[in-house]
Amino acid sequence: MNVLNAKRWGMMAWIMVLQVSLCLAIPFPVADDDSYYDVKRDFGATGDGVTDDTYPFLQATFQGARCIYIPNGTYLVADTFNMSFLGYRRPQWVGESRDSTIIKIKDDTPIFSDPANPKKLFFFGGAYGLQEFRRVVRDLTIDVGSGNPGAIGLSFFTANQGEVRNVTIRSSDPNKAGVAGLVIDEGEPGPALISKVHVDGFDYGIRIGVGTRSLTLDSISVVNQRKAGIYKKGGVSCPINHLYSNNTVPAVRFDRGANSLLNSLLEGGGAGDTAVVSNSTTLYVLNTSANGYGTGIWCANSSGGGTVLPDEVDEWSSDPVYSMFGSTDQTLKLPVEIAPEVAIGDQATEWVDAGQYGTNSAAIQQAIDAGKRTVFLSDAFRFDTTVIVRGTVERIISIGEHFQHRGEDSTDYALFRVEDGTAPVVIFDNFEMKHPVSEGPFVEHASDRTVILRTCGHHYIYTNTVGGGKAYIEDCGAGKMEMRDGNRVWIRSFNPEGHNEVRILNDGAHLWVLGMKTEDTGVNIRSINCAHTVLYNAWFCCKGSSPIYQDRYGFESVNSNVTIVNGQNGWASPYGKSYQEKRDADTQTKNGFETVYTGISCPIADAKPRKFSVHDKRKLIFSQKRGTGLRVLLDAEYQVDLVTLSGRIVHSFKGRNPATHFLLHIAPGAYFARVKSRNYAESMRMIVR
C-alpha cells in the first residue's frame, strides 16, 4: 500500500468509528430520581412516532432544569424550543442513544416552510452577557423531516464551556431541503466543542456566522449539502480536525479568521468544483486529502490572488513558519488519538447511585467499592477527603451539579485519585466545582490506566504522579493542569482562566491541544525537560486589572519541542510578549503571535550518560562514545527507535534478557531516541558530531 492510500485508509478507519461505534445507550439508573427531568416520565411525551409531542417538549423547555433526559423513541414536534431565556441555568439535553433518540419535525409544518424566514427547532440563544455556561446537547438525532425547507435543526450558543457531542442532524426531505443543520450565529460564543457530529442534507451542514472565542470542531462528517458542508463567515479561531465530507459542493468555505484544517478526507466534487475555499488569508492545513474535485484547496493571498494546493496536502501554511535560534522550520507532529468509548453497563446490575450512601466523600468511596462499573452522582456532594478510584469502576457520572469542599477554607488534597484497577479506562463526566475551590487537583492520575475528563470544571483539573499513562481532556474549564514523566495527553477545547503563573505545565510529557481560550495573565503553556507540545488555535483576551504575572510570555519552552499554530490576541489581550525559548544557557524571545511558531530543541548539553528511571526502578542508560558511537543498555522490557528529525527510523532495537549493551555507529547529525515499554515512554534529542 502506498503512503497516500495508507493515509486514506487511516482516515476511513476513523470515519467508520464515527459512523458505527458511537451508538451507546445512556440510561439514568433510578426511575424515580428527581435530579433530572425525563420527557416521558415527567411531561407525558410518548415517543411513538405518531403522537404529537410538541407540548411535552415545550413544558421541558420552560421548566428551566439543568438536565433534560430523552429516552429512546421518535418524538414528533411542530414548534421551536427556545432555551435563550434560561441564561446561566446551564441547560443540558441528553438522549439515551444517538441512533434511537429522534426528535423529528412533522412533515410539511407551516412555520418551517419559508427559507427566507428560517425557524430553528432547538434554539440555545445568547442573551445574558456571556453567562450562558456549560450548555450541552448529546446523544440524540434531530430530524427536520420532509417539506420543511425553512428549518434549522439546532442553533447553539454557549460561553466558556459547552458542547454538542455525538449528535446526528438530518433532513429527511427527498431533496435534502433545509437551511442548515447546525448554526452558530448568536453573540460571541465559545469556547465550545462540536464533536462526533454527523450532518446529512441542508444548504449548509454547519454554518458559523459570528466571531467566536474559540470554536473547536472534531470528528465531524457532512454529506449531501446543497451549498457547502461547513461555512465559516465569522472571524477568530476555528480548528477543524477529522472532517469527512462527501459532497458536490465545497466541503469547507472559510471567509474570515485564522483557520486550521487537520487530518481530513474530502470526497465527491467534480471537475469544476473546489473542495476548500479560503477567502481568509490565514490558513494551516495538515494531512488532508481531496478526492474527485477539480481543485483541492484554494486560499486567497495578500496580493489579491489565490494559491492552489494539491489534492494531497501533508502540511501547508499560508505564512512562513517562524522559529528562533536559526533552527529548522520543521513542525512537531504528534500522533492524534480519539478517546476510547466504553460501553454503558446494564443499569440494573452494573450501576450504583452514590446518593444512597450520603453526600460526602465517604459516600462516593462506598459506591466505588460496591463492585459496579458505573457510579452515578445524583446530588451535590461535599468533599472532605480524597476519593480513591479503584476496582471495577470505569465511569463516574454527574448531571452537572455543583460540587464543593466541606467548610470555607480551600484545601490541597485531590478530589479523586485514580489508582490501579481492573478497568483499563476511567471516565469522569459532567462535573463542576463550586467555590470555595480546592488548591489540590480534581483528578490525580496515579496509575498507567487511561483517564478521560469530559465537560468538567475545577480550578486545578488534572495532574499525574505516575508516568506512562494516557489522558483525554475534552470541553473542560480550569485554572491550571500539569503533566509529566512521559504521559500522553490529548486536549480538545480547553478554557483556563484566572491569574495563574502557569496554566499548563508540560514537564517531559507529550501534549496535543485542539482549541484553547484564555483570560487574564500568566504563561499559557510552559514546556520543560524535553516536553513535546503541539497547540492548534488559541485565543487570548482580557488582561484584567491585576498586576501579577503580566510580565510573563504566552508560551515558554526550555529544551523542549513546541509548535503553536494560529495563536491569536483577542480584545484587551495580556500578551505583548508571545514566545520565550531557552536552549541550555541561551534565551531568545518573540513579541507578537505567528501563524506557525516552532522550536525543535531537546538538546543534550554534553556527552555524559543520561539515565532514565522507570517506576520499577530499573535503569536505561544512553551514552555517546568516541564521536559517532552510541552505547545503549537495554533489558527485554524496552524498545528504542533512533529517528531523524524528519521522522525516518534509522535504527530500531529491542532489549534482551539478560540486559545487553548495544554499540551503534551512526552518521553525524541530530536524532531522537524514542524509548518505550509497557508503562513508560520518553523521547530525547541527541546531537552526534
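The values are calculated or read from the model by the stated rules, or taken from the named source; none is laboratory data. What you are looking at is a predicted structure, and each value in this text was computed from that prediction instead of being measured. Glycine gets a Cβ as well: all are built from the backbone with ideal geometry, and neighbour counts include every protein chain shown. Areas reflect the complete protein model, heavy atoms only, side chains present, ligands, DNA and RNA absent. Shrake-Rupley method; radii C 1.70, N 1.55, O 1.52, S 1.80 Å.
Side notes on the structure shown:
- Looking only at region 240-274, and only at residues there that are of a type in the set (S, T, Y) and in contact (Cβ under 8 Å) with a residue 60 or more places away in the chain, the one that is farthest from S219 (Cα to Cα): S260
- Considering region 521-547, and only residues there that are on the phi > 0 side of the Ramachandran plot, in a loop (DSSP other than H, G, I, E, B) and surrounded by 22 or more Cβ atoms within 10 Å (Cβ to Cβ), the residue that is modelled with the lowest pLDDT turns out to be G522.
- Per-region count, region 576-592, residues within 14 Å of M324 (Cβ to Cβ) and in a loop (DSSP other than H, G, I, E, B): 2
Each row is one residue, and each column tells you yes or no for (1) charged (D, E, K, R); (2) touching a Gly at 6+ places or on another chain (Cβ under 8 Å); (3) farther than 19 Å from G567 by Cα.
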site: F254; (1), (2), (3): no, no, no
site: G270; (1), (2), (3): no, yes, yes
site: V276; (1), (2), (3): no, yes, yes
site: T282; (1), (2), (3): no, yes, no
site: N287; (1), (2), (3): no, no, yes
site: S302; (1), (2), (3): no, no, yes
site: D314; (1), (2), (3): yes, no, yes
site: S318; (1), (2), (3): no, no, no
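- With respect to the conditions (1) in a loop (DSSP other than H, G, I, E, B); (2) surrounded by 14 or more Cβ atoms within 10 Å (Cβ to Cβ); (3) modelled with pLDDT under 75, R631 lacks only one, and its number is (1).
- Residue check, L334 crowded, with 19+ Cβ neighbours inside 10 Å and out of contact with any Pro (no Cβ under 7 Å at 6 or more places or on another chain): no
- Of all residues in region 133-172, those being among the small types (G, A, S) and out of contact with any Asp or Glu (no Cβ under 6 Å at 6 or more places or on another chain) number 5.
- None of Q404, Q365 is open to solvent by 10 Å² or more (accessible area, probe 1.4 Å), modelled with pLDDT of 95 or more, touching a strand residue (DSSP E or B) at 6+ places or on another chain (Cβ under 7 Å) and of a type in the set (S, T, N, Q) except Q365.
Yes/no matrix, rows are residues, columns are (1) touching a residue at least 24 places away in the same chain (Cβ under 8 Å); (2) in a strand (DSSP E or B); (3) out of contact with any Phe, Trp or Tyr (no Cβ under 6 Å at 6 or more places or on another chain); (4) surrounded by fewer than 23 Cβ atoms within 10 Å (Cβ to Cβ):
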{"residue": "G153", "(1), (2), (3), (4)": "yes, yes, yes, no"}
{"residue": "N166", "(1), (2), (3), (4)": "yes, yes, yes, no"}
{"residue": "I169", "(1), (2), (3), (4)": "yes, yes, yes, no"}
{"residue": "I194", "(1), (2), (3), (4)": "yes, yes, yes, no"}
{"residue": "F202", "(1), (2), (3), (4)": "yes, no, yes, no"}
{"residue": "V210", "(1), (2), (3), (4)": "yes, no, yes, yes"}
{"residue": "Y231", "(1), (2), (3), (4)": "yes, yes, no, no"}
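- One residue alone among S264, S260, S303 is small (G, A, S) and touching a Phe, Trp or Tyr at 6+ places or on another chain (Cβ under 6 Å), and that residue is S260.
- The residue list N224, N148 contains one member that is buried (at least 24 other Cβ atoms within 10 Å of the Cβ), over 26 Å from L535 (Cα atoms) and in contact (Cβ under 8 Å) with a residue 12 or more places away in the chain, which is N148.
- Conditions (1) free of Cβ contacts under 8 Å to residues at least 40 places away in the same chain; (2) part of a strand (DSSP E or B); number of the one not met by G304: (2)
- Subset of region 322-331 that is assigned to a loop (DSSP other than H, G, I, E, B) and within 16 Å of K590 (Cα to Cα) - its residue that is least open to solvent (accessible area, probe 1.4 Å): M324
- Annotation: V183 fulfils all but one of (1) in contact (Cβ under 8 Å) with a residue 40 or more places away in the chain; (2) under 24 Å from T595 (Cα atoms); (3) not basic (K, R); the unmet one is (2).
- N506, sole failed condition from (1) buried (at least 24 other Cβ atoms within 10 Å of the Cβ); (2) closer than 26 Å to L283 by Cα: (2)
- Any hit, region 13-30, residues being in a loop (DSSP other than H, G, I, E, B), modelled with pLDDT of 80 or more, open to solvent by less than 20 Å² (accessible area, probe 1.4 Å) and not aromatic (F, W, Y): no
- Residue within region 374-385 that is modelled with pLDDT under 85, closer than 21 Å to T455 by Cα and hydroxyl-bearing (S, T, Y) present: yes
- Residues that are among the β-branched types (V, I, T) and at pLDDT below 95 were ranked within region 444-462; the one that is farthest from V387 (Cα to Cα) is T455.
- Failed item, numbered, when L215 is tested on (1) among the hydrophobic types (A, V, I, L, M, F, W, C); (2) more than 23 Å from V77 (Cβ to Cβ); (3) surrounded by fewer than 24 Cβ atoms within 10 Å (Cβ to Cβ): (3)
- Residue tally, condition open to solvent by 40 Å² or more (accessible area, probe 1.4 Å) and in contact with a strand residue (DSSP E or B) (Cβ under 7 Å, 6 or more places away or on another chain), over region 171-184: 1
- In region 337-348, residue farthest from the chain's Cα centre (by Cα) [restricted to those that are surrounded by fewer than 15 Cβ atoms within 10 Å (Cβ to Cβ) and within 29 Å of G469 (Cβ to Cβ)]: D346
- Scanning region 356-397 for residues that are touching a residue at least 24 places away in the same chain (Cβ under 8 Å) and of a type in the set (F, W, Y) gives F376, F381, F383.
- Region 40-61 residues that are outside any loop (DSSP other than H, G, I, E, B), paired with ones that are surrounded by 15 or more Cβ atoms within 10 Å (Cβ to Cβ) and among the polar types (S, T, N, Q) (beta carbon under 8 Å, 6 or more apart): D48/T74; G49/T74; T61/N82
- Subset of region 287-321 [within 20 Å of S578 (Cβ to Cβ) and surrounded by 19 or more Cβ atoms within 10 Å (Cβ to Cβ)]: S317, S318
- Filtered residues of region 466-514 (kept if assigned to a loop (DSSP other than H, G, I, E, B), over 24 Å from E432 (Cβ atoms) and among the polar types (S, T, N, Q)): N487
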